[in-house]
1. Within the set of pairs 6+ apart or on separate chains, which have a first residue in the stretch 101-128 that is more than 14 Å from K82 (Cα to Cα), a second that is surrounded by 11 or more Cβ atoms within 10 Å (Cβ to Cβ) and of a type in the set (F, W, Y), and C-beta atoms under 8 Å apart?
2. Answer with yes or no whether L45 is touching a Lys or Arg at 6+ places or on another chain (Cβ under 7 Å), outside any loop (DSSP other than H, G, I, E, B) and under 30 Å from R25 (Cα atoms).
3. Restricting to the stretch 83-120, count the residues that are part of a helix (DSSP H, G or I) and more than 24 Å from the chain's Cα centre (by Cα).
4. Can you report the number of residues in the stretch 51-60 which are outside any helix (DSSP H, G or I) and exposed (fewer than 15 other Cβ atoms within 10 Å of the Cβ)?
5. Could you give me the residue pairs with C-beta distances under 7 Å whose first residue belongs to the stretch 30-51 and is of a type in the set (F, W, Y), whose second residue is surrounded by 12 or more Cβ atoms within 10 Å (Cβ to Cβ) wherever it lies, and which are 6+ apart or on separate chains?
6. Taking the criterion of being outside the structural domain of Q106 (by TED's automatic domain parsing), of a type in the set (A, V, I, L, M) and more than 26 Å from the chain's Cα centre (by Cα), would at least one residue in the stretch 34-42 satisfy it?
7. Could you check S76 against (1) in contact (Cβ under 8 Å) with a residue 24 or more places away in the chain; (2) not in a loop (DSSP other than H, G, I, E, B) and say which number it fails?
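The values are calculated or read from the model by the stated rules, or taken from the named source; none is laboratory data. In this text, all values refer to a predicted model and were calculated from it rather than measured experimentally. Backbone-built Cβ (ideal geometry, glycine too); neighbour counts: all protein chains shown.
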Amino acid sequence: MFHIPNVELRHRNHSQGGGALKLIRDVEVLEIRDKYEKGMTVADLALEYGYCDKTIRKWLKRKDMPRYKRRPKKPSKLDPYKEYIMNRMAEGVFNCEILIREIREQGYTGGKTILKDFVAPFRKQFLK
């Protein structure tokens, strides 16, 4: 039986997209490349840095720094009904209960919160 070292895996949340995270990751990639060139194995690097072996290999293979692309924004369930809602708000209807009933009759399957979040800034603007 072999001994598995007690390794603390660090949480990596790249979705926040801060410049500091990119800088830290860039420095880590440079360190990983340097240690690999000095003879450290991919498995040992993965354990030390808390990344998957595949990730380490991918970074070693690439010549440039890894960059993550933003995912395209998904369309909202409310999008097809926004023009109708805007017309109703222009007529002075800001009551979300009424609006959700009307758009559900047209086939809307989403929730009430997304509608409230959409209407709120217009309601504030109208009340000023």
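1. These pairs meet every condition: R123/F94; F126/F94.
2. yes
3. Result for the stretch 83-120: 20.
4. Matching residues across the stretch 51-60 total 1.
5. Close Cβ pairs (under 7 Å, with a partner that is surrounded by 12 or more Cβ atoms within 10 Å (Cβ to Cβ)) amount to Y36/L45; Y36/L60; Y49/E28; Y49/I32.
6. Taking every residue of the stretch 34-42 in turn, at least one turns out to be outside the structural domain of Q106 (by TED's automatic domain parsing), of a type in the set (A, V, I, L, M) and more than 26 Å from the chain's Cα centre (by Cα).
7. Going through (1) in contact (Cβ under 8 Å) with a residue 24 or more places away in the chain; (2) not in a loop (DSSP other than H, G, I, E, B) one by one, S76 breaks only (2).
Per-residue answers, yes or no, for (1) modelled with pLDDT of 85 or more; (2) under 30 Å from L115 (Cα atoms); (3) touching a His at 6+ places or on another chain (Cβ under 6 Å):
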position: H14; (1), (2), (3): no, yes, no
position: Y36; (1), (2), (3): yes, no, no
position: C52; (1), (2), (3): yes, no, no
position: E83; (1), (2), (3): yes, yes, no
position: A90; (1), (2), (3): yes, yes, no
